[in-house]
């Protein structure tokens, strides 16, 4: 009997397991200003998610105005779904509960169901809250879909999740329920159980950025970086077709390393860095020392040149390491003039 008790998680332990996945809005640094090229989508998300969370009384006056209890963000990897989720929590001042399959998986029979119950119970206590499920298709996959039949424990956990979720729907007239949202993200929307999709009536596609969106992303990423006047971001945006926001970030990071590597490789570079670090530590950093460390601005060559032991950022659907047509790494040398 004692062994059974020892193997059973207490309510305190269950809550503690979920509490470790909670992020206060004050601890989230991501805002909409950090996301480029998605202005129309952000406007829709404000109306669908932020306003119901921040002004629940406006959406409880009529059953027709009831805010959705589930919203799905879907699209290729690296296009900003997770960033949007955190920005939504920040902008709506909502507690962010980040749930994954591993969080809800417990080796003891029946404990995963209790963890699911703890998620929604905790969300009610800390409302307004956003329950974010990244790669929701892994957890709430279509029954009998890819991979064969559904495991009994997974089916029980999914059933408990839907029961708790439906509890929010049936109590939608209360202000607390208006301030709890399940937000899912996936790059495989067709793998999600139809019963789950029915509970997520609002679905937003986040696609690979077009040239204009890529330009805004590049401008945002390079806003605090010295850029040579000859570098045309418009040209760079046109020649990076097929890259996601995450790919562009990696491209800019690799480019920014160019001037730094040049500085470290030149004679006395590493010694100057050491002196600079020591001066900073002693609070004796002088303008002359800062000028000595000043890096040259980025040029187009920095975005083209990649060390031989590094793979360039790849388009979302590219097989690695075959480059994609139109990639920035394929620019002819004449294009650099």
Among residues of segment 71-89, those that are crowded, with 21+ Cβ neighbours inside 10 Å, touching a helix residue (DSSP H, G or I) at 6+ places or on another chain (Cβ under 9 Å) and modelled with pLDDT of 95 or more, counted: 8
Any helices (runs of 4 or more DSSP H) falling wholly within segment 125-231 and containing at least 2 residues that are touching a helix residue (DSSP H, G or I) at 6+ places or on another chain (Cβ under 9 Å), assigned by the TED database to the domain that holds residue 93 and at pLDDT below 90: 136-139, 152-170, 175-178
Can you pull out every residue in segment 191-220 that is touching a residue at least 40 places away in the same chain (Cβ under 8 Å) and over 21 Å from residue 243 (Cα atoms)? 191, 192, 193, 194, 196, 197, 199, 200, 201, 202, 203
Residue, modelled with the highest pLDDT, within segment 97-109, restricted to residues that are over 26 Å from residue 87 (Cα atoms) and surrounded by 14 or more Cβ atoms within 10 Å (Cβ to Cβ): 105
Among (1) out of contact with any strand residue (DSSP E or B) (no Cβ under 8 Å at 6 or more places or on another chain); (2) part of a loop (DSSP other than H, G, I, E, B), residue 67 falls short only on (1)
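The values are calculated or read from the model by the stated rules, or taken from the named source; none is laboratory data. Keep in mind that this is a model prediction, so the values were computed, not measured. Reconstructed Cβ throughout: ideal geometry from the backbone, glycine too, with neighbour counts over all protein chains shown.
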